Amino acid sequence: MKLATLKSGGRDGTLLVVSRDLALCKTVEAICRSLQAALDDWVTIAPQLAEVYAELNDGSAQGAQAFDPAACHSPLPRAYQWADGSAYVNHVELVRRARGAELPESFWSDPLMYQGGSDSFIGPSDPVCALSEDWGIDLEAEVAVITGDIRMGATPEQCAPAIRLLMLVNDVSLRNLIPEELAKGFGFLQSKAASAFSPVAVTPDELGDDWRDGKVHRPLTVHLNDRLFGKPDAGRDMIFNFPQLIAHVAKTREIGAGSIIGSGTVSNKQGGLYGSSIDHGGVGYCCLAELRMYETIETGKPQTGFLKFGDTVRIEMFERGGASIFGAIEQRVQRYLA
């Protein structure tokens with residue numbers, strides 16, 4: 001099943017059921033007004049939404065309309081919780097080296113995670129805004145899950161069935177604000193801007209065999225200014241799977257339905273010139289910080305700048321047949337105007 005949220009209908013938008021091919025959609029106010037409301041009563045609501053989904057796919061849905069991702073907000077325009085991990089330890093190691101920090105051995109056995117702002121997300125076609133390019137604006141392409149209710153102390157095995165939906169993420173980072181902020185010893189705040197999510201969230205079964213072991217085994221493609229920048233496989237080199245990441249959050253707290261847990265920047269371990277960029281035959285990257293670190297290793301300093309106003313970012317994942325699974329996060333970077 002595939003779900004989206006129209007921007008109309010107040011802060012939480014209007015829930016849409018979207019066809020598998022992302023061509024058609026249908027509002028379902030008679031069943032449920034918003035995605036959060038559906039998640040709050042998932043056992044009752046999900047089967048009704050699934051019936052609409054089946055009708056959209058077989059062409060029998062009454063009142064179906066063309067699906068327009070640009071009219072959508074992130075599937076959850078706001079969430080009770082947004083916790084983002086760093087399941088790809090290769091990414092953590094590279095980024096820490098870029099700021100002269102060592103990687104603790106515990107990072108291979110205990111997930112790294114931060115609590116992000118979740119009061120307002122960016123729509124998948126909305127601009128990434130900042131007051132200054134000097135902040136070091138960077139994308140971070142990721143995968144995320146939306147959960148149901150989970151009790152405190154739940155094990156990974158107990159967390160797995162509570163994964164309701166999957167999405168893509170652009171976890172915007174302001175790299176030049178990070179070092180001084182982390183030096184305070186209290187974590188990210190100003191250096192993590194509002195995140196954006198794919199226009200469509202999908203149930204795990206939509207991925208078929210590519211959803212296994214609590215991981216998504218498909219390449220995540222990133223384009224910068226219409227040029228392919230990365231296509232690493234989201235299932236490869238993911239040290240902690242989603243049930244493990246969720247259990248990490250649940251160690252000391254209950255998790256409420258509608259919580260979002262992110263994978264961290266998708267990153268494949270690679271070597272060679274600039275780590276193995278697309279230009280040099282590799283799988284590339286899902287953030288600029290990694291490329292800059294590889295450039296530093298091989299040339300003594302980074303050669304690639306961070307995002308500038310006017311730059312564009314596109315993040316997408318495709319099924320084996322070539323169709324888009326979640327739709328695209330497609331954004332332009334621009335100066336914030338109040």
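The values are calculated or read from the model by the stated rules, or taken from the named source; none is laboratory data. The shown structure was predicted, so the numbers you read here are calculated from the model rather than taken from an experiment. All Cβ positions, even for glycine, are placed from backbone atoms using ideal geometry, and neighbour counts span all protein chains on display. Quick note on the areas: whole protein, heavy atoms, side chains included, nothing else; ligands and nucleic acids left out. Shrake-Rupley method; radii C 1.70, N 1.55, O 1.52, S 1.80 Å.
For segment 66-202, the equivalent ellipsoid built from the Cα gyration tensor has semi-axes of 25, 23, 12 Å, listed from largest to smallest. In this Cβ point-charge picture (+1 for Lys and Arg, -1 for Asp and Glu), the chain has a dipole of about 460 debye about its Cα centre. Within straight-line reach of Lys251, meaning a Cα separation under 20 Å, sit the following aspartates and glutamates at least 8 residues removed in sequence or on another chain: Asp84, Asp110, Asp149, Glu157. Shown here for segment 76-131: trypsin sites (Lys or Arg not before Pro) in loop regions (DSSP other than H, G, I, E, B) with at most 15 other Cβ atoms within 10 Å, namely Arg99.
Treating cross-link reach as a plain straight distance, find the lysines whose alpha-carbon is under 23 Å from the alpha-carbon of Lys192, omitting any fewer than eight places away in the same chain. List returned: Lys184, Lys308.
Here the chain is scanned for GluC sites (Glu not before Pro) in DSSP loops (not H, G, I, E, B) that have at most 11 other Cβ atoms within 10 Å, and the longest stretch holding none of them is 103-338.
Here r is the Cβ-Cβ distance between Lys301 and Leu189 and R0 is 45 Å; the resulting FRET efficiency, rounded to 0.05, is 0.95.
Taking only protein heavy atoms and a 1.4 Å probe, the accessible area of segment 153-278 is 50% carbon and sulfur. To the nearest 10 degrees, how steeply does helix 42-58 sit against the main Cα axis of the chain, on a 0 to 90 scale? So the inclination is approximately 80 degrees. Across the chain the C-alpha pair distances fall into 10 Å bins from zero in the proportions 6, 27, 36, 23, 7, 1, 0 percent.
In the full protein context, the chain carries 43 Å² of accessible surface per residue, based on a 1.4 Å probe and ignoring ligands, DNA and RNA. With the Cα gyration tensor of segment 256-338 giving a ≥ b ≥ c as the square roots of its eigenvalues, does the rule (a/c under 1.5 for rounded; else a/b larger than b/c for prolate; else oblate) give rounded, prolate or oblate? Oblate.
For a label point 7 Å from the Cα of Arg332 along Cα→C-beta, name the residues of segment 275-291 whose backbone N is under 14 Å from it. Backbone N within reach: none found. Straight-line cross-link partners of Lys301 among the lysines, defined as a Cα under 23 Å from its Cα and at least 8 positions apart when in the same chain: Lys269. Of the chymotrypsin sites (Phe, Trp or Tyr not before Pro) found in segment 290-338, the ones in coil according to DSSP and having at most 13 other Cβ atoms within 10 Å of their Cβ are Tyr336. Compute the helix-to-body angle for 288-299: its Cα long axis versus the longest principal axis of the chain, expressed 0 to 90° and rounded to tens. Approximately 20 degrees, to the nearest 10.
The long axis of helix 89-98 is offset from the longest Cα principal axis of the chain by roughly 40 degrees.
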